[in-house]
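Worksheet: the structure to be examined is printed underneath.
The values are calculated or read from the model by the stated rules, or taken from the named source; none is laboratory data. It should be emphasised that the depicted structure is a prediction, and the values quoted were computed from it without experimental measurement. Cβ: placed from backbone, ideal geometry, glycine included. Neighbour counts: every protein chain shown.
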Amino acid sequence: MNKLQLVETLRGLLRDNMESRFAGGNYSKLARAHGYTDGFMAALLDAGIFEQRELLQIVTEERNRFVEAGASSERSSTAAA
């Protein structure tokens, strides 16, 4: 895998983690998503592929996208009502 593919995999894991957290799913699903994400990030750091600041930037970007998507859907549902 090249670095771009690793970033996309990480973004997907982060999205799954946030969706599980805010969808009100059960704890085991949330814990599994968190564990996969945490383990993947640890492996990227341990292998020297990414630095911590790079991973934090990716996490921040995904959190912002998640919040913006939620705000957009709220605006759409409010406008439809």
task = Specify the residue that is farthest from E68 (Cα to Cα); the eligible residues are those in the stretch 1-13 that are charged (D, E, K, R) and touching a residue at least 24 places away in the same chain (Cβ under 8 Å).
result = K3
request  = Residues being of a type in the set (A, V, I, L, M), closer than 18 Å to G70 by Cα and touching a residue at least 12 places away in the same chain (Cβ under 8 Å): count how many of those fall in the stretch 14-59.
outcome  = 3
inquiry  = I want to confirm something. Restricting to the stretch 1-32 and keeping residues that are in contact with a Lys or Arg (Cβ under 8 Å, 6 or more places away or on another chain) and over 20 Å from E54 (Cβ atoms), which single residue is modelled with the lowest pLDDT?
reply    = S20
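Looking at the stretch 30-40, is at least one residue among the polar types (S, T, N, Q), more than 13 Å from the chain's Cα centre (by Cα) and in a helix (DSSP H, G or I)?
Of all residues in the stretch 30-40, those among the polar types (S, T, N, Q) come to 37.
Restricting the remaining residues to those that are more than 13 Å from the chain's Cα centre (by Cα) gives none.
No, the stretch 30-40 contains no residue that is among the polar types (S, T, N, Q), more than 13 Å from the chain's Cα centre (by Cα) and in a helix (DSSP H, G or I).
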Among (1) modelled with pLDDT of 90 or more; (2) surrounded by 11 or more Cβ atoms within 10 Å (Cβ to Cβ); (3) of a type in the set (G, A, S) - the single one G70 does not satisfy = (1)
